[in-house]
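*Asks:* Structure in structure tokens, see below.
Computed from the coordinates by the stated procedures, all read-outs in this text should not be read as laboratory data. As the structure is a prediction and not an experimental result, all values here were calculated from the model. Backbone-built Cβ (ideal geometry, glycine too); neighbour counts: all protein chains shown.
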Amino acid sequence: MDQLVIGGRSLQSRLFIGTGKYSADTLIPEVVKKSGSEVITVALRRIDFNSPTGNVMDHIPSGMQLLPNTSGARNAQEAIRIARLAKAAGCGNWIKIEVISDNKYLLPDGYETIKATEVLAGEGFVVLPYISPDLMVAKQLVEVGAAAVMPLGAPIGSNRGLKTKELLRILIEEIALPVIVDAGIGKPSDACEAMEMGAAACLLNTAIASANQPELMAEAFGMAVAAGRKAYLAGLGRSEKYASSSSPLTGFLHN
Amino acid sequence: MEVVLNGTVANVDKEMNLWEFLLSKELDLETIIVEYNEVIVKKQEWNMIILQDKDRLEVLKFVGGG
Amino acid sequence: MSFYDEYLQYSNADMEEVFQHTTSADIERIIGKDRLTPRDFLALLSPKAEDYLEWMAQKANQLTVQNFGRVILLYTPMYLSDYCTNKCTYCGFNVTNAFTRKQLTMEEVEKEAQTVAASGIQHILILTGDAPAIAGVPYMKECVAILKRYFSSIAIEVYAMEEEEYAQLMEAGVESMTMYQETYNPILYDRLHVKGPKKDYRYRLDAPERACKAGMRAVNIGALLGLDDWRRDGFFTGLHANYLQNKYPGVEVSISLPRIRPTMGNCETGNSVNDKSIVQFMTAFRLFMPRAGMPLSTRENAEFRNHAIKLGITKMSAGVQTAVGGHIDSQENSGQFAVSDTRNVKEMSDAILQLGYQPVFKDWQAI
């Protein structure tokens, strides 16, 4: 049985989904059901007493693994504070570290992310850091106790697909932890390709939330991720042929 | 007396504990997280904290996010 | 964590399983992959993969040209001392072999350096036996101080040392180390290394890692193929290189593929390694680690070395004398092994050019 194990929890589905940007939170239960996902992200915000809103937690089916993120954090200290708050809320000890100090492109800050991961992993959190696909950053995250690494396929919310493919490939090859492609995935075929390459899972939000029919798109992504995983496990056939008789390099061995 | 609630000043007209104060703000107490003077306080401690003048409160909740 | 922990993860039975059950389809798929796992590498060392040598050679050639260009770096070994306290059954420097031992004086080091440098060589590899009391770190440092004036890069192939000793030699000007494990099979290792400090398998196994920790710029490892089953030792050599490269990404890791040659000692090996097997190992390793260096010594004959240039080799020795002082007096005492390719530097350069490659004498100098 092919399972993804993170922080001691076995997951059947390799699709992680977000809860942001839906036209109505009431869509979430059906999206979860159709996607098959078992891990769902949420964010933590100050309550705005002037414009009360509904509670996203009311729409998340029980049994889901919650993955609070630290969005809004601009440095390690803020991320650590948010993580501790999320844990205090009694939603388990998983945390997606997201430190963004760049408001123009929304790219993650590797140095601050490593610092936050080290502290939180030391406190017993299951830390899933969101990063640019930088090998050296990923290696340091392994060193400081991350449970997985989550490199971006393209900038957040851009729906541009696997623009960082070559770098993702290197991370998948070199990092022993699960590599979860987070951000940028626009189409089910992008998610499928990431899984074929050997990604452990995909995390996506915008691509489902912004579809005309989110439930249907969620189902499509669930299937694409499962298909890509199966293809990876099956072992892709060779893409190049190396036999050449014109100038054999090993002919001398037969003499 | 006055306390700072999520960055804005709020008036507290009588002595009350944290639990009573939060209830008065019509919050769903099951799903919120409270930081009292920069320290996270657990739900079971809320009724033991008597609000003081100039206390700083951060009240947070989960929202949709990716 | 040492490479030994990784070594222990591969049992004989598991390896035998891969050797027995690898199919043609597996090999074809692996050759087509961009990056190979250790298990893929093992499969390419299986008997089945022998049917695909030409494919492997084509890809090895393509990867080598892509990563290194059509370039062969030339270097020359210089034997400083053949005093040795070890009794290793396969080695000419064996303590029980009765011959007059020699160690170069500083004047002789200088003369040798002048002779070698006159041939154009800029990368020198210095070798000693295992006799720290005579040819230890202070002696090597003295030699290095002289050699620095003649060569742009100095490598050592000496006994296993402490990290701090490697650091001292680097401080003196050494920047590259070679250490052959000889065999990764601990039982055989114990039997072949009858006595002497080299008998400590783990100390030697971790020596390349100590050099990496000391900050050595380049580390070269290898097994003396033929001592044990070459498929096993070849696999562990690659796995060891991969371990070092992953753990010390800043180090330039390379492997050598020496196979046993007749020497004056008693050779108790029964495992001959033919050309085909060496080519299989060479090309499989290139597919496994496309960016790793691969030197080829003059243990191999001229014809084989000419062919090997297109199969993944990146460095070659030339103008080799394996006896101490051999560069200034070719009638010198017994060498460590018999040289098969006796071409001098000029002849070697010409041969490389003729094959469409460029001979390079200096690809690095620390500033």
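*Asks:* Nothing charged except the Cβ atoms of Lys and Arg (+1) and of Asp and Glu (-1): what's the magnitude of the dipole of the protein assembly as shown about its Cα centre? Round to the nearest 20 debye.
*Replies:* With Lys and Arg at +1 and Asp and Glu at -1, about 1200 debye.
*Asks:* Where a ≥ b ≥ c are the square roots of the eigenvalues of the C-alpha gyration tensor, would you call region B:2-61 rounded, which needs a/c under 1.5, or, failing that, prolate if a/b is larger than b/c, or oblate?
*Replies:* rounded
*Asks:* Give the residue from A:Tyr105, C:Leu125, C:Ala218 lying farthest towards the positive end of the charge dipole for the protein assembly as shown; charges sit on Cβ (+1 for Lys and Arg, -1 for Asp and Glu) and the dipole is referred to the Cα centre.
*Replies:* C:Leu125
*Asks:* I would also like to ask the following. Would you calculate, for chain C, the mean residue ellipticity at 222 nm contributed by helices, counting each DSSP H stretch of 4 or more residues as -39,500 (n - 2.57) and dividing by all residues, to the nearest 500? Working shown, then result.
*Replies:* Details: 15 runs with 149 residues, N = 367.
Per the formula, -12000 deg cm²/dmol.
*Asks:* Using DSSP, restrict attention to beta bridges with both residues in region C:78-180 and report what percent are antiparallel, rounded to the nearest 5. Could you put the intermediate results ahead of the total?
*Replies:* Numbers: 1 of 11 bridges.
Around 10 percent of the beta bridges assigned by DSSP in region C:78-180 are antiparallel ones.
*Asks:* To continue, here is another question. To the nearest 20 debye, what charge dipole does region C:150-224 have about its Cα centre, counting +1 at the Cβ of each Lys and Arg and -1 at the Cβ of each Asp and Glu?
*Replies:* For region C:150-224, the charge dipole is close to 320 debye.
*Asks:* Follow-up question, since we're still on this one. Test of the criteria: in region C:1-31, which GluC sites (Glu not before Pro) are in a DSSP loop and have at most 14 other Cβ atoms within 10 angstrom of their Cβ?
*Replies:* none
*Asks:* Placing +1 at every Lys and Arg Cβ and -1 at every Asp and Glu Cβ, with all other atoms neutral, what dipole size does region C:3-360 have around its Cα centre, in debye to the nearest 20?
*Replies:* Taking the Cα centre of region C:3-360 as origin, the dipole is about 420 debye.
*Asks:* Mind jotting down the distance between the C-alpha centroids of region A:171-231 and region A:110-153, whole Å?
*Replies:* Centre-to-centre distance over Cα atoms comes out at 20 Å.
*Asks:* Counting each DSSP H run of 4 or more residues in chain A as -39500 (n - 2.57), what helix-only mean residue ellipticity at 222 nm follows after dividing by all residues, to the nearest 500 deg cm²/dmol?
*Replies:* Roughly -10500 deg cm²/dmol at 222 nm, from the helical runs in chain A.
*Asks:* Still on this structure, I have one more. Could you state the number of Å between the C-alpha centres of region A:18-60 and region C:271-346?
*Replies:* If you average the Cα positions of each part, the centres end up 66 Å apart.
*Asks:* Now, a different point. Roughly what % of DSSP beta bridges within the protein assembly as shown run antiparallel, to the nearest 5?
*Replies:* Taking every DSSP beta bridge within the protein assembly as shown, about 30 percent pair in antiparallel fashion.
*Asks:* Moving on to the next point. Just need the relative contact order of chain A here, percent rounded to a whole number, with Cα pairs under 8 Å and 6+ apart.
*Replies:* Relative contact order of chain A: 18 percent.
*Asks:* With unit charges on the beta carbons (Lys and Arg positive, Asp and Glu negative) and the dipole taken about the Cα centre of the protein assembly as shown, which residue among C:Thr322, A:Ala121, A:Ala83 sits farthest to the positive side?
*Replies:* The residue sitting most towards the positive pole is C:Thr322.
*Asks:* For the pairs A:Lys33/A:Lys139; C:Lys213/C:Lys362; A:Lys139/C:Lys198; A:Lys33/C:Lys33; A:Lys230/C:Lys48; C:Lys141/C:Lys247, note any where the Cα-Cα span goes beyond 32 Å.
*Replies:* A:Lys33/A:Lys139; A:Lys139/C:Lys198; A:Lys33/C:Lys33
*Asks:* What percent antiparallel are the DSSP beta bridges of region C:3-360, to the nearest 5?
*Replies:* 10 percent
*Asks:* Which is farthest toward the positive dipole end of region B:2-61 among B:Val39, B:Trp19, B:Leu5, measuring Cα position about the Cα centre, with Cβ charges +1 (Lys, Arg) and -1 (Asp, Glu)?
*Replies:* B:Val39
*Asks:* Give me the percent relative contact order of region B:2-61, please, defined on Cα pairs under 8 angstrom at least 6 residues apart.
*Replies:* RCO, region B:2-61: 50 percent.
*Asks:* Cut-off under 17 Å on the C-alpha distance; same-chain residues fewer than 8 positions from B:Lys25 excluded. Which lysines are left, in chain and number order?
*Replies:* B:Lys14, B:Lys43, B:Lys61
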